[in-house]
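Written out below as structure tokens is the structure these notes cover.
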Amino acid sequence: MREHEEDVVRLDPQFGGLDEYTPNIARMYDYFLGGSTNFAADRAAAEQLLRVFPGNTEWAHINRAFLGRGVRACAEAGIEQFLDLGSGIPTKGNVHEIAQQVNPAARVAYVDIEPIAVSHARHLLDGNPNVTMTQADVREPDTVLAAPGVSGLLDFTRPVAVLAVAVLDIIDTSDPATLVTAYRDACPGGSALVLSHSAALDASTDEVEGAQQVFESTTTPTLHARDWSEILAMFDGYELLEPGLVPSAQWRPVEPVSEEYAARSNGYGAVGMLN
Ligand code: SAM
């Protein structure tokens, strides 16, 4: 991890420097997915989270797999541009890899606030003209949309798939649906929204509250678990592709999944299209 600090120094100072002592969700998520881009504080918080909610590792894998299937569906539908909000630390099954398997000319603008996620992505993407990494706060859509890495790469007169996967549940906003609308309004017909969001499916009230307490010690101190109708409201203006808003594991699974396994998604996912 030390070798990245030099890059972090060159990141946008408004988002703070590298703080390896405060647990960070991007790095905890990386830990749950089996990555090594995390510090001792992240691993300790992740282990604490697993003690109160043992299903979290499975949640992370199910969520990541949903992201991949959603991106592939958009690429196969002919969408060539992707705006990934809260993209995370590069790991297996990155959006540009999946999209470019379908269409080598696909363009992906990644956006994340976390210095390590930004630094790692920039290393990985160095020299790839069709992919950018922007450090920004997704709660500021005007800034995100005007950022050179976004406005310079994506043509908003042509369809764009906006990805808001496992991010709206950890950002501090009381009105995530309005935030999604700001991005929707920047996109033309034929665009898409790929969204997943935490919901207590098989997680008990104690597990949710325990997880929320662990989040209090992280850089994103609030975890919002919302219900189906609150999450559906985020798709305002979009027509949902089949099978609609379902537990993430049940969204076009590669193989049929049991109800019991679907409940372990502890979140819903869907893909919506703009007419
Ligand atoms: N979207 C990826 C996925 O589902 O595989 C990563 C999800 S990870 C749980 C959430 C990501 O959102 C982290 O990388 C975190 O840094 C980022 N994030 C949190 N708050 C953010 C904000 N206000 N602006 C931009 N990114 C944010």
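The values are calculated or read from the model by the stated rules, or taken from the named source; none is laboratory data. All values derive from a computational prediction rather than experimental measurement. Cβ atoms come from the backbone with ideal geometry, glycine included; neighbour counts cover every protein chain shown.
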Ala182: small (Gly, Ala, Ser), assigned to a helix (DSSP H, G or I) and within 23 Å of Ala146 (Cα to Cα), yes or no? yes
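Within segment 220-227, identify whether any single residue is over 18 Å from the mean Cα position of the chain (by Cα) and under 26 Å from Asp137 (Cα atoms), and answer yes or no. Before you say what the answer is, go through the steps one by one.
Here is the first cut: in segment 220-227, the ones over 18 Å from the mean Cα position of the chain (by Cα) are 227.
Filter once more, keeping what is under 26 Å from Asp137 (Cα atoms): 227.
Yes, that holds for at least one residue.
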How many of the residues making up segment 180-202 are more than 16 Å from the ligand (Cβ to nearest atom), more than 30 Å from Gly78 (Cα to Cα) and not acidic (Asp, Glu)? 2
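Can you pull out the residues in segment 164-179 that are in a loop (DSSP other than H, G, I, E, B), within 8 Å of the ligand (Cβ to nearest atom) and among the aliphatic types (A, V, I, L, M)? Explain how you work it out, then say what you get.
Quick first cut of segment 164-179, residues in a loop (DSSP other than H, G, I, E, B) only: 166-175.
From what's left, within 8 Å of the ligand (Cβ to nearest atom): 166-167, 170-172.
Result: Ala166, Val167, Ile170, Ile171.
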In segment 137-157, which residue that is without any contact (Cβ under 8 Å) to a residue 40 or more places away in the chain and of a type in the set (A, V, I, L, M, F, W, C) is nearest to the ligand (Cβ to nearest atom)? Ala147
Within segment 90-99, can you find the residues that are surrounded by 20 or more Cβ atoms within 10 Å (Cβ to Cβ) and more than 12 Å from the ligand (Cβ to nearest atom)? His96, Ala99
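Does Ala121 qualify as being small (Gly, Ala, Ser), in contact with a strand residue (DSSP E or B) (Cβ under 7 Å, 6 or more places away or on another chain) and part of a helix (DSSP H, G or I)? Explain how you work it out, then say what you get.
Values: small (Gly, Ala, Ser): yes; in contact with a strand residue (DSSP E or B) (Cβ under 7 Å, 6 or more places away or on another chain): yes; part of a helix (DSSP H, G or I): yes.
Yes, satisfied.
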Condition (residue is under 14 Å from Val194 (Cβ atoms) and either surrounded by 16 or more Cβ atoms within 10 Å (Cβ to Cβ) or free of Cβ contacts under 8 Å to residues at least 12 places away in the same chain (or both)) applied to segment 252-263: is it met by at least one residue? no
Taking only segment 108-136 into account, find how many residues are crowded, with 21+ Cβ neighbours inside 10 Å, at pLDDT 95 or above, of a type outside the set (A, V, I, L, M) and more than 10 Å from the ligand (Cβ to nearest atom). 1
How about segment 190-275: which helices (runs of 4 or more DSSP H) wholly inside it have at least 3 residues that are of a type outside the set (Asp, Glu) and closer than 18 Å to Phe66 by Cβ? 228-232, 259-263
Would you list the helices (runs of 4 or more DSSP H) that sit entirely within segment 1-100 and hold 1 or more residues that are aromatic (Phe, Trp, Tyr) and in contact (Cβ under 8 Å) with a residue 12 or more places away in the chain? 25-32, 56-76
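Can you tell me which residue among Asn275, Asn266 is exposed (fewer than 15 other Cβ atoms within 10 Å of the Cβ) and either aliphatic (A, V, I, L, M) or in contact with a strand residue (DSSP E or B) (Cβ under 9 Å, 6 or more places away or on another chain) (or both)?
On the way: Asn266 fails: exposed (fewer than 15 other Cβ atoms within 10 Å of the Cβ).
Unique residue meeting the criteria: Asn275.
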